[in-house]
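To keep things clear, I will list the structure first and then write my remarks on it.
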Amino acid sequence: MTRPKPEDDEYWNSSKFSAFTFDDEDDEFTKMKESKRAVNSMLVDDDDDDDDVEKVSWSGEPIGSISWSVKETASSIRSSGEQSFPKIDITPSLPKQGSGYSLSSLFKGKQQVICCSAFTDTSVRAYAPELRKPKSECKDYMSDWSPEETVRRMRKGKVFSLERFRSLQEKLLLLDEAVSENDGNVITAVLIYLKKSLSKEILFRELMLREIALRHYVHYLKEMGEQKLLVELMKALGRTDDMALMQYKEHLNIKDEGQRRDFLKNCLSLPFSQDDAIHVQDHYTLLERQIIIEANDKRGDAEIFKKFPRKASILNMPIITTLYYSCFYHYGESDGTFSSPANIRKTFRISEKQYILTALGARAKLKSWFDVDSLFNTKNWLGYTKKRSPIGFHRVVDILQKNNAPVQVLQEYMNLIDDPELKLSLAQKYKCHDIVIDTYRDLKDRQQLIVYRGKVERGSKEDKKIEELLCNMQIRWKN
């Protein structure tokens, strides 16, 4: 077979017809030319589209140009492993991220393609058309949802927008839908939006008709500490008692005692219930007295303050603590003084039991046993003195023992316990031997007395007393 002449090669290469060949390279070259013509035709059609934006490839050349098409085809040939076609350098000078168009996308309507995020010297970029996202996913970027759809998206944690609900009717439908789903977080989120977008009067009026939403709104205001708005809401709802109590609680935020006293004085005119009004009145009176007592006692001129220095201020202390302080530092003062225990007891209606317990603890702490006795001494109509305790003498014994009272004082009050078993138990617990011995004697229990003799010191006064009782023939023992 004779070799073709160069003129023949030039003819066949320049003609729109090609001769049959088994060579793959010629076939690829033909495809490249057809793609080139297709690109040219597409570019002519695109001139009529004013909305298209010119796009460039990684090398900076306009997408759809002849040189870009040649590089696209050369890239596909190189990826197939063929080396006969002349090499064309398509590697960009800098790695970039972006999107381009392939030949296949041009024939299918210029769909966007997804590219690799980085280049290497030995890799070749591959292009593929991106599939259109389903319509269900596109809804995530829409803002014309209905109240039902918006609440559903809020519950599922998806993107949502409440700004599109502008009319009062739409906002109320959104709130009703949130309430119907019984989701507290969704209800609170909707209420926050309504709080920002509606006036207080309209919001309060609508919440009156929606009990569940109202409870969530009240809880939200309490958590956020919006006390003023909460008071206005209670007043609008006609709940004057709750409104007064909420306004009264604001005294907790006042640090200065003088300002707190003045605030409590203004609270006396609020519409409290009868019991709450008494409580607020007592609170104001107590703080007023504490301020007076504190001003006098902080100088520490009295001897008792030097012997027993104060550990803390009396301001803002509870009434029982104030009574204990008064019994400790001001016991015995006349009833006309604000710091007198008797005056405090009368002013604040403290019960006898509570007063006895508080005063007993304070005077026993000071080891003032005479004052302790005076708490329980009473006279009958004949003028005889007798000890009486509204709290039970067994509790008196416990308090005295905790304050390290002498054994003689403990035994004196222990003998006043009526129950023998309780008396015996306390006497053994606190080692009041005389009480134990006398109790066994009264019970005529010889065996228990012998057993208890082993618990006392040999040769002691208690041991001799037990010996005398055991040798006494006039006692009729049970055993």
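Listing for the model above:
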| read-out | value |
| --- | --- |
| Test result for His216, surrounded by 17 or more Cβ atoms within 10 Å (Cβ to Cβ) and out of contact with any Cys (no Cβ under 9 Å at 6 or more places or on another chain) | yes |
| Only listed residue being out of contact with any helix residue (DSSP H, G or I) (no Cβ under 9 Å at 6 or more places or on another chain) and more than 30 Å from Ala359 (Cα to Cα), chosen from Gln474, Gln408, Gln448 | Gln474 |
| Count - residues of the stretch 449-470 that are open to solvent by less than 80 Å² (accessible area, probe 1.4 Å) and either outside any loop (DSSP other than H, G, I, E, B) or in contact (Cβ under 8 Å) with a residue 12 or more places away in the chain (or both) | 12 |
| Candidates Ile319, Ile356, Ile391, filtered to the one that is at pLDDT 90 or above and closer than 21 Å to Tyr284 by Cα | Ile319 |
| Out of Ile293, Ile278, Ile254, sole residue that is β-branched (Val, Ile, Thr) and under 30 Å from Lys367 (Cβ atoms) | Ile293 |
| Residue within the stretch 277-284 that is more than 23 Å from Leu323 (Cβ to Cβ), in a helix (DSSP H, G or I) and either open to solvent by less than 60 Å² (accessible area, probe 1.4 Å) or of a type in the set (Phe, Trp, Tyr) (or both) present | no |
| Criterion: closer than 30 Å to Asp335 by Cα and either of a type in the set (D, E, K, R) or in a loop (DSSP other than H, G, I, E, B) (or both) - qualifying residue of Arg205, Arg215, Arg260 | Arg260 |
| Search result, residues across the stretch 185-200 that are in contact (Cβ under 8 Å) with a residue 24 or more places away in the chain, closer than 24 Å to Arg239 by Cα and open to solvent by 20 Å² or more (accessible area, probe 1.4 Å) | Thr188, Ile192, Leu198, Lys200 |
| Residue count for the stretch 399-447, restricted to those that are of a type in the set (Asp, Glu), in a helix (DSSP H, G or I) and open to solvent by 50 Å² or more (accessible area, probe 1.4 Å) | 3 |
| Some residue of the stretch 313-327 being assigned to a loop (DSSP other than H, G, I, E, B), more than 35 Å from the chain's Cα centre (by Cα) and within 19 Å of Arg363 (Cα to Cα) | no |
| Residue match in the stretch 220-227 (condition: among the charged types (D, E, K, R), surrounded by fewer than 18 Cβ atoms within 10 Å (Cβ to Cβ) and in a helix (DSSP H, G or I)) | yes |
| Sole residue being open to solvent by less than 40 Å² (accessible area, probe 1.4 Å), assigned to a loop (DSSP other than H, G, I, E, B) and not hydroxyl-bearing (Ser, Thr, Tyr), chosen from Pro309, Pro390 | Pro390 |
| Pair list, Cβ < 9 Å and 6+ apart or interchain, from the stretch 223-243 residues that are more than 23 Å from Asp275 (Cβ to Cβ) and free of Cβ contacts under 8 Å to residues at least 60 places away in the same chain to residues that are part of a loop (DSSP other than H, G, I, E, B) and open to solvent by 40 Å² or more (accessible area, probe 1.4 Å) | Leu233/Arg239; Ala236/Met208 |
| Candidate set from the stretch 329-371 (those that are over 28 Å from Leu410 (Cβ atoms) and of a type in the set (Lys, Arg)); member that is least open to solvent (accessible area, probe 1.4 Å) | Arg349 |
| Residue, least open to solvent (accessible area, probe 1.4 Å), within the stretch 285-306, restricted to residues that are farther than 20 Å from Arg260 by Cβ and part of a loop (DSSP other than H, G, I, E, B) | Gly300 |
| Residue check, Lys235 in contact with a helix residue (DSSP H, G or I) (Cβ under 8 Å, 6 or more places away or on another chain), in a helix (DSSP H, G or I), closer than 21 Å to Ile319 by Cβ and open to solvent by 50 Å² or more (accessible area, probe 1.4 Å) | no |
| Failed item in (1) over 30 Å from Glu206 (Cα atoms); (2) out of contact with any Phe, Trp or Tyr (no Cβ under 9 Å at 6 or more places or on another chain); (3) open to solvent by less than 60 Å² (accessible area, probe 1.4 Å), with Lys255 passing the rest | (3) |
| The stretch 162-184, residues that are open to solvent by less than 60 Å² (accessible area, probe 1.4 Å) and either more than 24 Å from His219 (Cα to Cα) or in contact with an Asp or Glu (Cβ under 7 Å, 6 or more places away or on another chain) (or both) | Phe165, Ser167, Leu172, Glu177 |
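The values are calculated or read from the model by the stated rules, or taken from the named source; none is laboratory data. This is a predicted model, so every value here is computed, not measured. Ideal geometry is used to build each Cβ from the backbone, glycine not excepted, and the neighbour counts take in all protein chains shown. In case anyone asks, the SASA skips ligands and DNA or RNA and just uses the protein heavy atoms, side chains included. Shrake-Rupley method; radii C 1.70, N 1.55, O 1.52, S 1.80 Å.
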